[in-house]
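The values are calculated or read from the model by the stated rules, or taken from the named source; none is laboratory data. This structure is a prediction, so every number in the text was calculated from the model and none was measured. In this analysis, Cβ positions are derived from the backbone assuming ideal geometry, glycine residues included, and neighbour counts consider all displayed protein chains. Note: accessible area is taken over every heavy atom of the protein model, side chains too, but ligands, DNA and RNA are not part of it. Shrake-Rupley method; radii C 1.70, N 1.55, O 1.52, S 1.80 Å.
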Amino acid sequence: MASFLYAPETVRASVGLLLIRAIAGTTLALHGWPKIQHPFGWMEAGATVPGVFQACAALAEFGGGIALVLGVLTSIAALGIVINMIVALALVHVPHGDPLVALKDGPSKEPALLYLAVALLLLFTGPGAVAVDRLLFGRRPRY
């Protein structure tokens, strides 16, 4: 354990990014699983969101979650998740007055904000060294 704590920063960062991707990607894919079962009509009857946008949201959650776990097309997946979470906050959580954190069972902004934060992190940093993207595209240039 001590050797890991003193490992080069890039090693620790890549392990951290892998863990973030694995946890957030798995939970996001599970969150999107019921939606991908009926991608064009998973919202309640009378929803004002067209079916094609419902399918985009289902794909961003389910497919984006799987992409994060694997670290494949991470930037594209992260961008889709960012857009999806901003729309979820703007169309659902803010208008309904959901609290930041639910003290009892009920909706809150917390999951959407956490997924948004993780997606922004991965959009800006990339997936890390332990990712399919690294095999396909190599290292990101440093600026």
Restricting attention to helices (runs of 4 or more DSSP H) lying wholly within segment 1-83, give those where 2 or more residues are modelled with pLDDT of 90 or more, open to solvent by 30 Å² or more (accessible area, probe 1.4 Å) and touching a helix residue (DSSP H, G or I) at 6+ places or on another chain (Cβ under 8 Å). 9-37, 51-70
Please give the number of the condition K109 fails out of (1) closer than 24 Å to G16 by Cα; (2) touching a Leu at 6+ places or on another chain (Cβ under 8 Å). (1)
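Rundown of residues vs (1) part of a helix (DSSP H, G or I); (2) touching a helix residue (DSSP H, G or I) at 6+ places or on another chain (Cβ under 9 Å); (3) of a type outside the set (V, I, T); (4) open to solvent by less than 70 Å² (accessible area, probe 1.4 Å), yes/no style:
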{"site": "P95", "(1), (2), (3), (4)": "no, no, yes, no"}
{"site": "A102", "(1), (2), (3), (4)": "no, yes, yes, yes"}
{"site": "G106", "(1), (2), (3), (4)": "no, no, yes, yes"}
{"site": "P111", "(1), (2), (3), (4)": "yes, yes, yes, yes"}
{"site": "L116", "(1), (2), (3), (4)": "yes, yes, yes, yes"}
{"site": "L120", "(1), (2), (3), (4)": "yes, yes, yes, yes"}
{"site": "P127", "(1), (2), (3), (4)": "no, yes, yes, yes"}
{"site": "D133", "(1), (2), (3), (4)": "yes, yes, yes, yes"}
